[in-house]
Every structure is written in C-alpha cells, then in structure tokens.
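Shown next, in structure tokens, is the structure this report addresses.
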Amino acid sequence: MDEKFHETGDEEDVLRRFRFAGSGGGNGGAADPNLLAAYVDGTASPDDREAAERAMLADPAVLDAVRDLREAADAALPELPAGLIPRIREALGHAGPPAAFAFSSKRAAFSRWKMAVAAALVLFAGIAGYWLGQTRGVDGTAEEAAIRTELAKEWEWESYEFLEVAWIPEN
Amino acid sequence: MDHDGALLQACLRGEEPARNEFVARFAPVIHGAVRRTLGGKPRDPSLDEEDVSQEVFLRLFKDGCRLLGTYDPARASLASWLFLVARSTAIDLVRRKRPVTVPFEGNLHDPVQEPPKASGERIEIPPDLLSTQQRLVMHLLFERGWDVREVARLMGVTEQTVRSMKHKALEKLRMVLRKETAQME
C-alpha cells in the first residue's frame, strides 16, 4: 500500500464509490460471433478488441460466452456419442438437398447488375457533359464578349457620386 | 486457402460430400459446445445434447447456408465461431423449452425491491478517465470477484498486465476521489 493510498482510505473504500459494469457502452448482447471469436483467437484488430471488451462490460451474457470459449479452447473435446454423425447427416438429408449460399449468389448477381448500371450511368454522364460543354461554350463565349466590352469602357466618375449618396452613416 | 476454408466454400456452393465432411469435421466442436452449455443448466429433460447438436447443424445449413454464410474467415477461426453459434443455439433452445411457471401470488405488497443503498454516494466516473480495458479489469476483479489469473486468461494478457492496469485505474480513481473530497471541504 503506497502513501497516496492513505489520503483517500483503503482500496475497498475507493472501489465502493464507483461502478464499472454497464458503463462501457456496447450493443447489449447482440455481439457478433465473428468479433468474439476473433477476440479469443487473438486475431482481433485493436478496434475489435475494444468493441468486444465494451460488449463484455455491457452484457454479462457476452462475458460468459467469451469465458466459455476460452475454457473450451484449453480443454479436450468430449467423446462423440456413437451414431451422432450419421444421425446429423440423415437429418440434413431430410431437410433437403444442399443449396448454394443464396446470399452469395444474389450478391454476385446484384454486383453484375450494379456494374452494368454504373457503366451506363458513366456513359450517359459523359455524353451529357460533352453536350452541355458544347452548348454552354457558345453561350459562354457570347457572355464573355459582352463582359469584355463592358469592362473596356472608360470609368464614369458619376458612379462614385452615386455611391456617396447611397452611403448612410451609422449614427 | 486452408482445408477448412476450402471445405466451407464447398459447403456454401451446396456440395453434398462437403457437407458430410463438414459434419464429421466439426461435430466434436459443436457437440462439445452444446455439452458445456447444457451442463448444469436446469432444462426440460426432453432436451438432450444430441438433439441440440443436430439442431445446430440444421440451423447452419438452413435456407441455403444463410447462417454459415455469415462466418467471416478473415476475422476468426471456424472452430471458435462454430463454438459460439452452438452455444447460443443451445441457450436459445433451453429458453424455449423452459417449463411454464405459475406466478407466485404471495408478497404482492412490494413487487419491486429497491436495491440496498450504498454507504457512500456513488461518483460518476468521468467518461474518458479509464480505458475500456481498465474498466473491464476493475469490473472483473472487484464486481465479479475474479482473481488476477482468471482475468488475464479471459483477456488474453499476462497477469502482470492485469496488475498494471488495475494499479493505473486505482490511481486515476483516487485522484477523482481526492478532487471530490477537496470540493466538499
């Protein structure tokens, strides 16, 4: 126990005044198994590590899940009951023939469709841009000529006089 | 791509031999997770480990492997991910099969019990005072009563790191208490 310790009382007194759980934010138990598995595997990024720790602080169920996985990783796997594997295979067979990961194929199809639309949009934008550039270029040239003519005129002193009349003092 | 990765991809493509191999390869992990989760939990006697293990596989491959497809091989090992999925499936099934209870009608005068009041008023920890790691260490050590070794194991750090985090957190908390005391005086 160091000297500073005596200034505020013992460790328990200090700790009794604060609450740590539930204060770290987190997503209330809906922790992604990828996140927690990466935490235990030691492959989580620093941000993911922090997210997993926040989830553990916010939800005891997440903490229990991580603890269980840690313990299981160190323990030997139990003996499989005889006949379990054929039973599971049979149940899966009854459930229907295996189907390809639907989301994956939909996502791939969506990507192809998205690429086609993006290409069409780029082409359209290019044509429209070229057309606008051409037409506005003609107008712009006319406007530019008018501005140049206006600027080339001699300065008229009356305009200063006008400014003087228009100026209103604050007080 | 390693063997598990290739096996997973073949399963996601809907190949039956791959699915059969997947079952043989990961049944021990899933059954182990189910056994660990159900062990010691009060549950319906009809809910047995083999049924739950089978249900985990059915859920993984249901709707064109929708659940299995959420596994991200770039982030974690398949075995760890499967363990967590099996565990949460087991918990879900235990909850669903929980026997219906009859509400107890006694002691209706005080339905909500107030928590016991602390001897001293709680002080709000300033938001950025402690890191998430320090908060977790303090929570596990002092609110859960774990020892340093258990905390180190959970967090995947050394015991010395845990002691150091605890020491730094305590220093910061004492500083806050000192300020509070000074303000009151």
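The values are calculated or read from the model by the stated rules, or taken from the named source; none is laboratory data. Everything numeric here is computed off the predicted structure, so don't read it as measured data. Here Cβ is always computed from backbone atoms with ideal geometry, including for glycine, and neighbour counts include all displayed protein chains. Ligands, DNA and RNA are excluded from the accessible area calculation, which covers all protein heavy atoms including side chains. Shrake-Rupley method; radii C 1.70, N 1.55, O 1.52, S 1.80 Å.
Observations on the model:
- Any hit, the stretch B:34-52, residues being touching a Phe, Trp or Tyr at 6+ places or on another chain (Cβ under 8 Å), crowded, with 16+ Cβ neighbours inside 10 Å and either within 8 Å of chain A (Cβ to nearest Cβ) or among the basic types (Lys, Arg) (or both): no
- Qualifying residue in the stretch B:55-62 (condition: acidic (Asp, Glu) and over 24 Å from A:Ala82 (Cβ atoms)): no
- Among the candidates A:Arg89, A:Arg107, A:Arg136, A:Arg112, residue that is open to solvent by 70 Å² or more (accessible area, probe 1.4 Å), modelled with pLDDT of 80 or more and among the basic types (Lys, Arg): A:Arg89
Each row is one residue, and each column tells you yes or no for (1) under 25 Å from A:Ala61 (Cα atoms); (2) within 13 Å of chain A (Cβ to nearest Cβ); (3) modelled with pLDDT under 95.
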residue	(1), (2), (3)
B:Thr101	yes, no, yes
B:Pro111	no, no, yes
B:Gly120	no, yes, yes
B:Ile125	yes, yes, yes
B:Glu150	yes, yes, no
B:Glu159	yes, no, no
B:Arg174	no, yes, yes
B:Leu177	no, yes, yes
B:Ala182	no, yes, yes
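- Residue match in the stretch A:45-52 (condition: part of a loop (DSSP other than H, G, I, E, B) and open to solvent by 40 Å² or more (accessible area, probe 1.4 Å)): yes
- The residue that is farthest from A:Val40 (Cα to Cα), among those in the stretch B:138-148 that are open to solvent by 30 Å² or more (accessible area, probe 1.4 Å) and in contact with a helix residue (DSSP H, G or I) (Cβ under 6 Å, 6 or more places away or on another chain), is B:Phe142.
- Residue list for the stretch B:144-159, restricted to those being part of a helix (DSSP H, G or I) and within 17 Å of the chain's Cα centre (by Cα): B:Glu150, B:Val151, B:Ala152, B:Arg153, B:Leu154, B:Met155
- Within the stretch A:41-60, tally of residues that are more than 8 Å from every other protein chain (Cβ to nearest Cβ) and either among the acidic types (Asp, Glu) or over 22 Å from B:Ala74 (Cα atoms) (or both): 4
- Members of the stretch B:49-83 found to be on the phi > 0 side of the Ramachandran plot and of a type in the set (Gly, Ala, Ser), listed by number: B:Gly64
- Among the residues listed as A:Ala82, A:Ala75, the single one being surrounded by fewer than 16 Cβ atoms within 10 Å (Cβ to Cβ) and more than 39 Å from the chain's Cα centre (by Cα): A:Ala82
- Summed over the stretch B:73-100, residues that are in a loop (DSSP other than H, G, I, E, B) and closer than 20 Å to B:Asp48 by Cβ total 3.
- Qualifying residue in the stretch B:61-72 (condition: open to solvent by less than 10 Å² (accessible area, probe 1.4 Å), in a helix (DSSP H, G or I), aromatic (Phe, Trp, Tyr) and without any contact (Cβ under 8 Å) to a residue 60 or more places away in the chain): no
- A single entry from B:Ala24, B:Ala18, B:Ala6 fulfils the requirement of being surrounded by fewer than 22 Cβ atoms within 10 Å (Cβ to Cβ) and more than 9 Å from chain A (Cβ to nearest Cβ): B:Ala6.
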